Structures are given as structure tokens and as C-alpha cells.
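For reference, the structure is listed below as C-alpha cells.
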Amino acid sequence: MGSDAPAALAVEAIDVFYGESHVVQHVSFALRPRSLLALLGLNGAGKTTSLHTVMGFLIPRRGRIMLFGEPIAGLPPAAIARRGIGLVPQGRRIFPSLTVAENLAVAAHGAATKAWSAERVFVTFPRLAERRRQYAGLLSGGEQQMLAIGRALVGNPRVLLLDEPSEGLAPQIVAEVARAVAAMKSEGLAIVLVEQNVRLALSLADDVVLLNAGRLAASGPAAAIAADPALIDRHLGVF
Ligand SMILES: Nc1ncnc2c1ncn2[C@@H]1O[C@H](COP(=O)(O)OP(=O)(O)O)[C@@H](O)[C@H]1O
Ligand SMILES: [Mg+2]
């Protein structure tokens, strides 16, 4: 990336509070276009809060958030989504009593452009295509995660925020989700990946940001972070 190319997403010194509780403190990171940034930290470190702030569910008390060079902090979530940020929430919220195809249709409603049609989601996730007429509540955990990702994709994001996609999934399913995340990156998306599975995150990431108790503990290229087990151990516990 040239030094003059804006980051896909730049979080600049944000402070986020719940009431008087200061849970994200002066955190900054930059997501490069067509890259994957892993946002890591123990439970309660402020990862979900950071993603929710980017999405506009929370407004930072200080700091800026820039999407391809344009400020977005303070815009309502629907406007932020329209500008091109998609969130796959922790716990993969889908409609269990709608079919796979209906879940995608509901999510696509109102999307301005159709670069990611349901058909393109089905090409990316063939298992969803096979199950398009099944009730989403009957899918396996891994399939539900792919559907949750598909729901974000049909909103046509330029930046995708994934909050713990491997949570609660069996190891071979985690590998499938990992392949899906890698496939989306190769389609040109810029991705922020929040994960408790550090090995998985390091295997997919270009860059890593470590949060500890709401503060930036370390950041850098994934290879450099992976080569420093003491750093990982200090901030994430046993590696
Ligand atoms: N709605 C809320 N109200 C008050 N405190 C909250 C709320 N949500 C999260 N927190 C607190 O904010 C901190 C960061 O939480 P969170 O961003 O969910 O962490 P992570 O996703 O890294 O596990 C934690 O101390 C958590 O208890
Ligand atoms: Mg969380």
C-alpha cells in the first residue's frame, strides 16, 4: 500500500464508555485494504465494544473512525452499514424459523448495490447452497456461522467485522470457517477478525492488534507477533 492510500478502516485514539466505565481507552489501529487484521485479547478486553463502536452502536467520547478516509463516528448504524461496514455479531444471530434463502433475502433488503448477491454467497459457501430451503435453526453450528457471514455479505460491505466466528465450533468446522474467511479476503474484502483461537487468528492475519483491559497492548505484522510467544503469553494467557 502506498503511504498516501487511506486505510480501509482507521480507528484513531478512541475512548468508549458504558456510563462511567471506561472500557476502551485511547485505542488505535489501521486495517489495510484487502487485508485481515486480528483483534485479540482476553475476555473483557474490549474487542466487542470496539467493533460495536465502529458499527455505530456506541459513540466514542473521543477519537475518530475513518472508512477509506471518511469520518464515520457519530453516524447511525444503518448509515455506517450503507457506507460499507458489515458486522457478523458474536453468537451468530440468524432467524432460526426462516430458511437459509429467506435469511439472506431479509439481510439483503435495502442494500444499495448487489455486488454480493445471494447467488454469489452460495458460490462462496456451497454447503449453504445445498441447504438453501432448510430452516436455519436446523443447520449445524458451522453452517449457521456461514449463514451469519452470508447475511453480512449481502449488505455489500467493503469492510467486514467478524466477532469470534469459531466460538463453540468443533475443530473440523473451525477449519471450514477459516477457509471461508480466507476466501472472503481473496475476494477483496478487508476484514477485522476477533478471535479467542489465537492460532487460527495468527494463521489468517496480516496484522495483529492486542488489547489488554481496554488498552492497546501491542500491534504489528502477524509474523512478528507470532514470533514472540512471551508477548502473546503475557496478554492472552497460554498460547
Ligand atoms: N452493556 C455493557 N454495559 C456495561 N459494561 C459492559 C457492557 N458490555 C460490556 N461491558 C464491559 O466492558 C468490558 C469490555 O467488554 P467486551 O467489549 O464485551 O469485551 P470482549 O469482547 O473483549 O470480551 C468488560 O469489562 C465488560 O464487562
Ligand atoms: Mg466479545
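Just so it is clear, none of the values below were taken in a lab; they were calculated from the coordinates. What you see is a predicted model; the values in this text were computed from it and never measured. Neighbour counts run over all protein chains shown; Cβ positions are idealised from the backbone, glycine included.
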Practice problem: State the number of residues belonging to the stretch 155-185 that are touching a Gly at 6+ places or on another chain (Cβ under 9 Å), part of a loop (DSSP other than H, G, I, E, B) and either of a type in the set (Lys, Arg) or in contact (Cβ under 8 Å) with a residue 40 or more places away in the chain (or both). | Solution: 6
Quiz prompt | Residue among LEU210, LEU189, LEU200, LEU161 that is touching a His at 6+ places or on another chain (Cβ under 7 Å) and either aliphatic (A, V, I, L, M) or under 16 Å from SER50 (Cα atoms) (or both) | solution = LEU210
Quiz item: Do any strands (runs of 3 or more DSSP E) entirely within the stretch 1-115 hold 3 or more residues that are within 30 Å of ALA129 (Cβ to Cβ), and if so, which?
Solution: 36-40, 85-88
Quiz item: Residue check, ILE225 against (1) in a strand (DSSP E or B); (2) in contact with a helix residue (DSSP H, G or I) (Cβ under 9 Å, 6 or more places away or on another chain), all met but one. Which one?
Solution: (1)
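Here's the yes/no breakdown for (1) within 16 Å of ligand 2 (Cβ to nearest atom); (2) touching a residue at least 40 places away in the same chain (Cβ under 8 Å); (3) in contact with a Phe, Trp or Tyr (Cβ under 6 Å, 6 or more places away or on another chain); (4) farther than 29 Å from SER140 by Cβ:
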site: SER35; (1), (2), (3), (4): no, yes, no, yes
site: HIS52; (1), (2), (3), (4): yes, no, no, no
site: ARG64; (1), (2), (3), (4): no, yes, no, yes
site: ALA81; (1), (2), (3), (4): no, yes, no, no
site: GLY91; (1), (2), (3), (4): yes, yes, no, no
site: ILE94; (1), (2), (3), (4): no, yes, no, no
Practice problem: Return the residue satisfying two criteria in turn: it lies in the stretch 170-196 and is buried (at least 19 other Cβ atoms within 10 Å of the Cβ) and within 16 Å of ligand 2 (Cβ to nearest atom), and of such residues it is farthest from the chain's Cα centre (by Cα). | Solution: GLU195
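Per-residue answers, yes or no, for (1) hydrophobic (A, V, I, L, M, F, W, C); (2) in contact with a strand residue (DSSP E or B) (Cβ under 9 Å, 6 or more places away or on another chain):
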{"site": "GLY168", "(1), (2)": "no, no"}
{"site": "ALA175", "(1), (2)": "yes, no"}
{"site": "ALA180", "(1), (2)": "yes, no"}
{"site": "GLU195", "(1), (2)": "no, yes"}
{"site": "ASN212", "(1), (2)": "no, yes"}
{"site": "GLY220", "(1), (2)": "no, yes"}
Quiz item: When you scan the stretch 56-88, how many residues do you find that are on the phi < 0 side of the Ramachandran plot and surrounded by 19 or more Cβ atoms within 10 Å (Cβ to Cβ)?
Solution: 12
Exercise. Could you identify the single residue in ARG127, ARG61, ARG132 that is within 16 Å of ligand 1 (Cβ to nearest atom) and more than 21 Å from ALA8 (Cβ to Cβ)?
Key: ARG61
